[in-house]
Each structure stands twice: as C-alpha cells, then as structure tokens.
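Student: Input: one structure, supplied below.
No value in this document is a laboratory result; all are computed from the given coordinates. This structure is a prediction, so every number in the text was calculated from the model and none was measured. Here the Cβ is made from the backbone with ideal geometry for all residues, glycine too, and neighbour counts use every protein chain on show.
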Amino acid sequence: MNAPGSDESLPGPGPVDPAGAARVLRAARDVLVVGHVRPDADAAGSAIALATALRRAGVPVTVSFGGPEPVPVSLGALDPDGLVVPSSEAPAAPELLVSCDVSSAQRLGDLADRLDTAGSSLAIDHHASFTGFATRHLVDPAAPATVLLIRAVLTELGAELDPVLSRALFAGLYTDTGGFRWGGSDALRLGAELVDAGAEPRGLMRELTGTRPFGWLAAQAAVLAGARLEPSAAGGAGLVWAAVDVATATRFRDQTATVVGQLLATAGDGVAALLTETDQHMWSVSLRGNGSPDLSRVATALGGGGHAAAAGFERDGTREELLALLRAELDSASG
Ligand SMILES: [Mn+2]
C-alpha cells in the first residue's frame with residue numbers, strides 16, 4: 001500500500017480521468033494554475049475556480065496568465081480573493097503546473113518555460129487541437145467548455161459550490177457555449193446548478209461584457225464600416241472580415257471580442273474573421289463559423305487552434321499577407 005501523496009499512488013503520464021486529476025492535485029504542495037494568453041472567461045473561470053477549491057483544501061496555489069499582455073480588467077470580477085498574480089510574479093519552478101483551456105505550449109505565452117521547470121504538468125482542456133504538451137492530461141473535445149471538466153474535478157475533490165466558484169464556472173460556461181446556444185442539456189443542467197449555488201447571470205454578465213466606454217460606439221462603427229464580404233472565399237461559402245488597427249485595439253482592449261459575432265451574423269453559412277493588430281504587424285485573428293469548414297484545422301495550420309466553429313491564431317505580417325494565408329487555408333479546408 002502506498003503512502004498518501006507518494007508518486008506510486010498517482011496515475012502515470014498520459015490521459016487521466018477527473019478522479020485521476022483530483023489525485024494529482026490533492027498530492028501537490030505547490031501549484032501554479034494557468035490559462036491561455038489573453039484569457040477569455042473559460043480560461044480565467046476554470047483557473048480561478050480550480051485554484052479557489054485547492055486553496056480551500058489547503059493546497060498552496062497561485063494563478064497567473066502568460067504575458068506580456070495584462071489580464072483583461074473585466075475578468076477581475078471572477079477573482080474576489082485576488083488569486084491572480086502577474087506572470088512576472090508567478091513561481092519560477094512550481095511542483096505542479098496546471099493549465100486550463102490551453103491547447104498548445106505556445107498558448108502559455110511567457111509562462112511556457114514552466115513546462116521545463118515544473119516538477120510535472122497537468123492539462124485540463126477541451127480543444128480538438130490539444131497537442132498533448134503536458135505530463136498528464138484531462139482532455140475532452142466533446143466538452144463545450146473547459147469549466148465542465150473543472151466541475152467534474154471539483155466533484156472529485158469534494159469541493160462545495162458557493163457563489164465564488166459558481167460565478168467563475170458560469171462565466172466560462174455561458175461564454176464558451178455562446179449563451180447556451182450549444183453544449184446541449186449538459187450545459188443547461190450545469191448552468192441551473194450554478195445559478196442555484198449563487199451565480200447570478202444578469203449581474204455577472206453585465207460585469208464581464210455588458211459595459212463599454214462610450215467611445216467604443218464610434219470605434220466599433222468604424223471597425224464594422226470597414227468590414228468586407230468575399231463571397232467566393234471558403235470554397236464559395238463566403239468570408240466576412242474586419243480589422244481592428246493597433247490604436248483601437250490598445251484603447252479598447254477588452255471590448256473588441258464581441259465584434260466577430262456581429263460579423264458572423266452577416267456571413268450566412270460562411271466564415272467570419274476579426275483581425276486585431278496587437279502590435280505593429282502582429283495580429284490576433286478570431287475565426288467564427290458554423291462548423292464547416294473546420295476552423296480548428298484552419299487555425300492549427302496557421303499556428304493556432306480551437307474548435308470547428310470557433311478558433312484563432314496569432315501571426316506577424318501585413319494584413320494582406322494574413323488574409324492571403326487565411327483565404328488559402330479556408331479553401332483547402334473547404335475542398
Ligand atoms: Mn474554452
């Protein structure tokens with residue numbers, strides 16, 4: 001019989017189930033929990049919920065997100081206990097690195113070096129494009145959000161849902177399912193459980209996405225006025241794209257994410273792309289579609305990843321160079 005916490009009691013490298021992940025987490029004495037760079041609500045909510053439960057279980061834990069970009073201010077609403085530290089303050093060599101909603105090592109940003117310095121790593125993710133970068137992984141591409149996998153791990157850890165955990169999980173669930181448009185009855189059941197445990201959707205979503213500076217109206221109008229429709233792209237399904245220049249992106253850092261949804265609403269059965277210039281000739285591209293062509297395949301070919309209907313990548317170059325690459329990959333994925 002193995003002593004509690006000894007390595008012999010832990011699952012081996014490779015895939016683990018939620019119970020196996022919980023055993024790895026419970027045995028750890030120094031944990032760094034991270035999400036992907038420029039975290040969305042699924043990455044941030046997953047990381048904060050898991051870290052909150054671990055801290056309550058007496059496991060020393062820090063949360064961080066890879067820089068150089070700061071964490072979107074609005075996600076502070078999910079972190080009332082102040083668990084998140086800047087990546088410059090994240091432990092240099094944690095015993096255990098846990099990544100939430102991270103499909104590839106690149107998506108760890110400047111925290112990717114922790115894969116080498118940490119004692120071991122555990123990835124919890126739902127991307128079809130997950131690359132298998134961690135020592136152990138709990139990955140289910142059928143899960144509509146990483147927070148559903150986190151919920152299963154919390155159950156194994158014996159964590160009781162309360163308003164802090166529920167708000168963090170609900171934020172990820174709501175946003176990654178497109179407001180429960182997909183994810184089916186599992187997502188709705190978890191949503192009901194979280195509301196019963198104290199997630200209050202109206203106030204929460206207003207804190208996360210519902211407020212904008214007044215100046216965003218004019219900036220958004222300019223971005224949308226520059227949108228272009230290319231009917232013959234994506235094998236004839238069409239492409240609607242718009243670009244956010246670096247000045248607008250810097251000024252309205254947290255506010256641009258919803259624009260790609262507006263583009264998609266006009267794309268019919270085609271694809272929407274929002275190209276955001278995060279730095280001179282450095283682009284972050286969000287892709288949205290209807291499941292076909294497979295945007296995960298398109299984004300992966302261009303250095304990113306994601307899901308069939310929602311994916312993204314980051315790349316340097318001119319806007320025209322990126323569009324040319326995108327058109328070519330969309331055609332090849334549509335063929
Ligand atoms: Mn996600």
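Student: Using the per-residue mean of other Cβ atoms lying within 10 Å as a proxy for protection, in what order, highest first, do the peptides 316-329, 93-106, 235-248 fall?
Tutor: For the peptides 316-329, 93-106, 235-248, the packing ranking is 93-106, 235-248, 316-329.
Student: Further question: Among SER64, SER74, which comes first, second and so on when ranked by fewest other beta-carbon atoms within 10 Å?
Tutor: Exposure proxy ranking, most exposed first: SER74, SER64.
Student: Further question on the same structure: How many angstrom separate the Cα center of the range 265-292 from the Cα center of the range 69-103?
Tutor: Centre-to-centre distance over Cα atoms comes out at 26 Å.
Student: Can you sort GLU207, GLU160 by how many other beta carbons sit within 10 Å, fewest first?
Tutor: GLU160, GLU207
Student: Also, quick follow-up: Order these by the 10 Å Cβ neighbour count, fewest first: MET282, MET205.
Tutor: Taking fewest neighbouring Cβ atoms as first place, the list is MET282, MET205.
Student: In Å, the Kirkwood hydrodynamic radius of the range 7-209 over pairs of distinct alpha carbons?
Tutor: Computed over Cα pairs of the range 7-209, the Kirkwood hydrodynamic radius comes out at 16.4 Å.
Student: By average Cβ neighbour count within 10 Å, what is the ranking of 81-87, 18-24 from highest down?
Tutor: Final packing ranking: 18-24, 81-87.
Student: Quick one: Cα centre-to-centre distance for the range 18-43 and the range 162-218, in angstrom?
Tutor: Taking the Cα centre of each part, the range 18-43 and the range 162-218 sit 21 Å apart.
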